[in-house]
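**Q** Please see the structure below; I have some questions.
The values are calculated or read from the model by the stated rules, or taken from the named source; none is laboratory data. Note that the coordinates shown come from a computational prediction; the quantities given were computed from them, not determined experimentally. Here the Cβ is made from the backbone with ideal geometry for all residues, glycine too, and neighbour counts use every protein chain on show.
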Amino acid sequence: MDWDIRTYAELDSTNTQARRMAQEGVGGGLVVVAEKQSAGRGRQGRSWESPAGENLYFSILLQPELAPENAPMLTLVMAYSVARVLREREVFDLRIKWPNDLVLAGKKVCGILTEMHLEDEKIEDVIVGVGINVNTRAFPAELVDKASSLFLESGNVFERQSLLEEILKEFAPQYERFLKVQDLSFLQEDYNALLVNREREVRVLEPGAEYEGIAKGINARGELLVESADGELRKVFAGEVSVRGLYGYV
Ligand code: BTN
């Protein structure tokens, strides 16, 4: 894949900018990077702290031949790709918290916001936005228990440009593999090996439903399999759902 990387000193949100550019006719392969975001967005209407000079905020614009119901799997492909790059950089304790967070020592260091736009029930574009807390040295009091950075957990300062390039280089072949098979069978086993909530008690919060069980890992469709106390195996789809540990964030 040839990435078309555009870097900005400040944006409202790289996801929003990627969407604007798509509407202006820019095609798949666009990567929008911002040094700072004034209105960084997280999942479920939350905001994403995006101060200047320390972290990575980027969004990639994809125009895949894909059924809309398969698009959320792209979040997992990205989470897996970022995890692989960071582990190659010797951040060995890094784990994936299904579906879209990366955690270190039980705290979140990366979040992913995937947004899809449809036209006549077909995918017009999918924007995968990634925020990585790279070199942050301190978090606001309300985030200290839940969020951390690569620097705080490893003691190393990471050069952001090369990190971004490595992530794009890792993601491209994973993305191509995914488009070929249209499921996650090719990475399921490796993904599950990195899953922080595997064999842990979780509470699943879906719109209109809440239940607890033991997370067993993902299936080939990227759904989290959760075994409830009565032995029933439920499939949790990565839409508007939260999965929390019973005793904390993980
Ligand atoms: C989450 O964990 O809730 C998702 C956070 C996603 C944040 C990234 S930062 C780059 C891109 N632009 C945004 O406005 N959000 C995503």
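**Q** Would you pick out the residues in the stretch 129-155 that are in a loop (DSSP other than H, G, I, E, B), touching a Phe, Trp or Tyr at 6+ places or on another chain (Cβ under 8 Å) and away from the ligand (no atom under 16 Å from the Cβ)?
**A** Within the stretch 129-155, Arg137 is the sole residue that qualifies.
**Q** Further, regarding this structure: How many residues does the stretch 79-100 contain that are of a type outside the set (Lys, Arg) and at pLDDT 95 or above? Before you say what the answer is, go through the steps one by one.
**A** The initial filter retains those residues of the stretch 79-100 that are of a type outside the set (Lys, Arg), namely 79-83, 85-86, 88, 90-94, 96, 98-100.
Narrowing further to those that are at pLDDT 95 or above: 79-83, 85-86, 96.
Looking only at that region, the number is 8.
**Q** Among the residues of the stretch 81-128, how many are of a type in the set (Phe, Trp, Tyr) and either surrounded by fewer than 23 Cβ atoms within 10 Å (Cβ to Cβ) or in a strand (DSSP E or B) (or both)?
**A** The number of residues fulfilling the criteria is 1.
**Q** Condition first: of a type outside the set (A, V, I, L, M, F, W, C) and within 13 Å of the ligand (Cβ to nearest atom). Now tell me which residues in the stretch 55-71 satisfy that.
**A** Going through the stretch 55-71, the residues of a type outside the set (A, V, I, L, M, F, W, C) turn out to be 55, 57, 59, 63-65, 68-70.
Within the stretch 55-71, Asn55, Tyr57, Ser59 meet the criteria.
**Q** Any residue at all in the stretch 170-182 that is over 20 Å from Phe92 (Cβ atoms), among the hydrophobic types (A, V, I, L, M, F, W, C), out of contact with any Ser or Thr (no Cβ under 9 Å at 6 or more places or on another chain) and exposed (fewer than 13 other Cβ atoms within 10 Å of the Cβ)?
**A** yes
**Q** Sticking with this one: Does any residue of the stretch 86-106 turn out to be out of contact with any Lys or Arg (no Cβ under 9 Å at 6 or more places or on another chain), within 14 Å of the ligand (Cβ to nearest atom) and under 18 Å from Val31 (Cα atoms)?
**A** no
**Q** Among the residues that make up the stretch 40-54, is at least one of them part of a loop (DSSP other than H, G, I, E, B), within 10 Å of the ligand (Cβ to nearest atom), among the charged types (D, E, K, R) and exposed (fewer than 15 other Cβ atoms within 10 Å of the Cβ)?
**A** Initial filter on the stretch 40-54 (part of a loop (DSSP other than H, G, I, E, B)): 40, 42, 46, 48-54.
So of that shortlist, the ones also within 10 Å of the ligand (Cβ to nearest atom) come out as 40, 42, 46, 48-50.
Now drop any that are not among the charged types (D, E, K, R), which leaves 46, 49.
Adding the requirement that they be exposed (fewer than 15 other Cβ atoms within 10 Å of the Cβ) leaves 46.
Yes, the conditions are met somewhere in the stretch 40-54.
**Q** Within the stretch 156-191, which residues are among the acidic types (Asp, Glu), within 23 Å of Val33 (Cβ to Cβ) and assigned to a helix (DSSP H, G or I)?
**A** Applying the first criterion (among the acidic types (Asp, Glu)) to the stretch 156-191 yields 159, 165-166, 170, 176, 183, 189-190.
Keeping just the survivors that are within 23 Å of Val33 (Cβ to Cβ) gives 159, 165-166, 170, 176.
Correct list: Glu165, Glu166, Glu170, Glu176.
**Q** Go through the stretch 188-235 and give me each residue that's surrounded by 13 or more Cβ atoms within 10 Å (Cβ to Cβ), free of Cβ contacts under 8 Å to residues at least 60 places away in the same chain and charged (D, E, K, R).
**A** Across the stretch 188-235, the qualifying residues are Arg198, Arg200, Glu201, Arg203, Glu206, Glu212, Lys216, Glu223, Glu227, Arg234.
**Q** Which pairs do you get when a residue that is without any contact (Cβ under 8 Å) to a residue 12 or more places away in the chain, found in the stretch 45-58, comes within reach of a residue that is within 8 Å of the ligand (Cβ to nearest atom), reach meaning Cβ atoms under 7 angstrom, with the pair 6+ apart or on two chains?
**A** Listed pairs, sorted by first residue: Ser47/Gly40; Ser47/Arg41.
**Q** Here's another thing I want to ask about it. Of the residues Val181, Val196, Val202, which is within 16 Å of Leu74 (Cβ to Cβ) and at pLDDT 90 or above? Give the derivation first.
**A** Details: Val196 fails: within 16 Å of Leu74 (Cβ to Cβ); Val202 fails: within 16 Å of Leu74 (Cβ to Cβ).
When all the criteria are applied, what remains is Val181.
**Q** Here's another thing I want to ask about it. Tally up the residues in the stretch 13-38 that are touching a residue at least 60 places away in the same chain (Cβ under 8 Å) and near the ligand (Cβ under 10 Å from one of its atoms), please. Please lay out each step first, then the result.
**A** From the stretch 13-38, those touching a residue at least 60 places away in the same chain (Cβ under 8 Å) are 13-15, 18-19, 22, 28, 31, 33; that's our starting set.
Narrowing further to those that are near the ligand (Cβ under 10 Å from one of its atoms): 13-15, 18, 33.
The number of residues fulfilling the criteria is 5.
**Q** Could you please give the count of residues in the stretch 192-250 that are among the charged types (D, E, K, R) and part of a loop (DSSP other than H, G, I, E, B)? Steps first, please.
**A** First pass over the stretch 192-250, keeping only residues among the charged types (D, E, K, R): 198-201, 203, 206, 210, 212, 216, 221, 223, 227, 230, 232, 234-235, 240, 244.
Among the residues that remain, those that are also part of a loop (DSSP other than H, G, I, E, B) are: 198-200, 221, 223, 230, 232, 240.
Here the count works out to 8.
**Q** Take the conditions over 16 Å from the mean Cα position of the chain (by Cα), assigned to a strand (DSSP E or B) and surrounded by 13 or more Cβ atoms within 10 Å (Cβ to Cβ) and apply them to Arg19. Does it pass? If you could, list the steps in order and put the result at the bottom.
**A** Details: over 16 Å from the mean Cα position of the chain (by Cα): yes; assigned to a strand (DSSP E or B): no; surrounded by 13 or more Cβ atoms within 10 Å (Cβ to Cβ): yes.
For Arg19, the condition - over 16 Å from the mean Cα position of the chain (by Cα), assigned to a strand (DSSP E or B) and surrounded by 13 or more Cβ atoms within 10 Å (Cβ to Cβ) - is not met.
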